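Okay, structure first, notes after.
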Amino acid sequence: MGILKDCIRSKDIKETPVWFMRQAGRYLPEFREIRSKNVDFIKLCLNPQLSKEITLQPLKRFSIDAAIIFSDILMIPYALGQKVEFEKNFGPKLGELNLDIILELSEEDIVTKLGPIYKLIEDTSKDEKVRQKDLIGFIGATWTLFVYMINKESPKNLNEDIYNFPNQEKLIRKIIDTQKLHIKKQVESGATIIQIFDSWAGLLDKNKKHKYIYEPTKEIVDYTKSLGVEVICFPRLIKSYKDFCDIVKPNVISIDYEVDPIKIAETIDIPIQGGMDPKCLLLEKNDMLKNAKKYLEIFKNHKYIFNLGHGMIPETNPDSVKILVDFVKEFK
């Protein structure tokens, strides 16, 4: 068990835990070298040897407190038989959705397709660089997966027709069941914490949040807790983190960079993660550290995991990441 889990479980710790969303990614030259030779992103995610190497890359550079597996939230649509591709300078593109085929898929079918991910976790959990740290597995939230599967690409502007998708209850139930299965297999393989990414939580009107966000996410959070594993939720750009925490009850809430951290500190009792704008890592050193210090000061008397309010961006200089990590570790 690592310092992240100690923080979540309210054990006394002497320093602030730190890790980053997308810490294994395009800002690292060693990742870009692997990626240049592996143009099919899905195949790369399903290569246990290479995905393990990528997962461990940031741990070799920085004194971070957790590894997060190199994978993608869209591995669930892939497992459900929907074609998933990543187009440069565009993002994900998903194929046609055949609900009849999706509903016929067995757990065995799904586990077989996602098996390399569980192999990645099993192998990574045994690596000496991870043994004293937490290994974070993850899924996309039900709403975000539903949006991607119906919209077939990133929903910059939500099409209202998405709410009229026929038999959507059956699709949502299949997504939830697959999420639970994927979480179970990740935990069995060695993941010590699960994070739920709801990338498109901010798109929903208040009157639709219960059906599409609160209810399914609470079901998954409760299930994850039943496995004896803590769960972090990141409902990005949601209007009220307080409402989300009161209803869903995650172990940790990860916040975006547009929310007021002072309000979060005043209204939410559970451990907080993240908040700083990833673009701050592009600033001059003193300005970057000034932004980091703001979050560390605000949450000084609160259980807090330092992270960003979104994933690391490709333009980030790894040297800046090292400076930031060392600053967080030395902050008192």
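(i) 21.5; (ii) 20.1; (iii) 20.7: which one is Kirkwood radius over Cα pairs in Å as calculated from this entry? Only one listed value fits the structure, namely (ii). In the chain, the calculated helix contribution to ellipticity at 222 nm averages -13500 deg cm²/dmol per residue, counting -39,500 (n - 2.57) for every DSSP H run with n ≥ 4. Modelled spin labels at Lys170 and Ser240, positioned 7 Å past Cα toward Cβ, are 3.5 nm from each other. Angle of helix 285-298 to the longest C-alpha principal axis of the chain, folded into 0 to 90 degrees and rounded to 10: 80°.
In this simple spin-label approximation, Asn207 and Arg131 carry label points 7 Å from Cα along the Cα→Cβ vector, and these lie 5.8 nm apart. Among Gln23, Gln168, Gln82, which one moves the most in a GNM of the chain with springs linking Cα atoms closer than 10 Å? Greatest mean-square fluctuation among the candidates belongs to Gln168.
Computed from backbone phi, the HN-Hα couplings of segment 33-41 come to 5, 5, 5, 5, 9, 9, 6, 8, 5 Hz, rounded to whole numbers (Karplus: 6.51 cos²θ - 1.76 cosθ + 1.60, θ = phi - 60°; Gly and Pro given as x).
Once the Cα-Cα distance is subtracted from the 0.36 nm per residue extended length, the Asn286 to Glu15 segment shows a gain of 95.5 nm. The angle separating the long axis of helix 215-226 from the principal Cα axis of greatest extent in the chain is about 70 degrees.
Sorted fewest first by neighbouring Cβ atoms within 10 angstrom, Tyr241, Tyr214 come out as Tyr214, Tyr241. For segment 194-320, the alpha carbon convex hull comes to 111 Å³ per residue, rounded to a whole number.
In a DSSP loop and with at most 11 other Cβ atoms within 10 Å, there are no trypsin sites (Lys or Arg not before Pro) in segment 195-278.
Amide H to amide H distances under 5 Å link Lys93 with Glu85, Phe86, Glu87, where only residues 5 or more positions off or on other chains count and H is placed in the peptide plane.
For Arg131, Arg61, the sequence from fewest to most other C-beta atoms within 10 Å is Arg131, Arg61. DSSP beta bridges fully contained in the chain are about 20 percent antiparallel.
Apply the a/c threshold of 1.5 to the C-alpha gyration tensor of segment 86-129 and tell me whether it is rounded, prolate or oblate. Judged from the Cα gyration tensor, segment 86-129 comes out oblate (a/c at least 1.5, b/c at or above a/b). Around the Cα centre of segment 3-330, unit charges on the Cβ atoms of Lys, Arg, Asp and Glu (plus for the first two, minus for the last two) sum to a dipole of about 460 debye. Derived scalar couplings between HN and Hα for segment 308-314 equal 9, x, 5, x, 4, 8, x Hz in order, rounded to whole Hz, by the Karplus curve 6.51 cos²θ - 1.76 cosθ + 1.60 (θ = phi - 60°), x for Gly and Pro. Under a 5 Å amide H cut-off, with hydrogens placed 1.01 Å from N, Leu308 pairs with Met21, Gly275 among residues at least 5 apart or on other chains. Taking Asn317, Asn286, Asn151 as the candidate residues, the one with maximal mean-square fluctuation in a Gaussian network model of the chain, Cα springs under 10 Å, is Asn286. Once the Cα atoms are used to define both axes, helix 48-61 deviates from the longest principal axis of the chain by about 20 degrees. Neighbour counts of C-beta atoms inside 10 Å place Phe299, Phe234, Phe86 in the sequence Phe86, Phe299, Phe234, starting with the fewest.
Here, each number is a calculation from the coordinates, and none is a lab measurement. None of the values given here were measured: they were computed from a predicted structure. Positions of Cβ are backbone-derived with ideal geometry, glycine not excepted, and every protein chain shown enters the neighbour counts.
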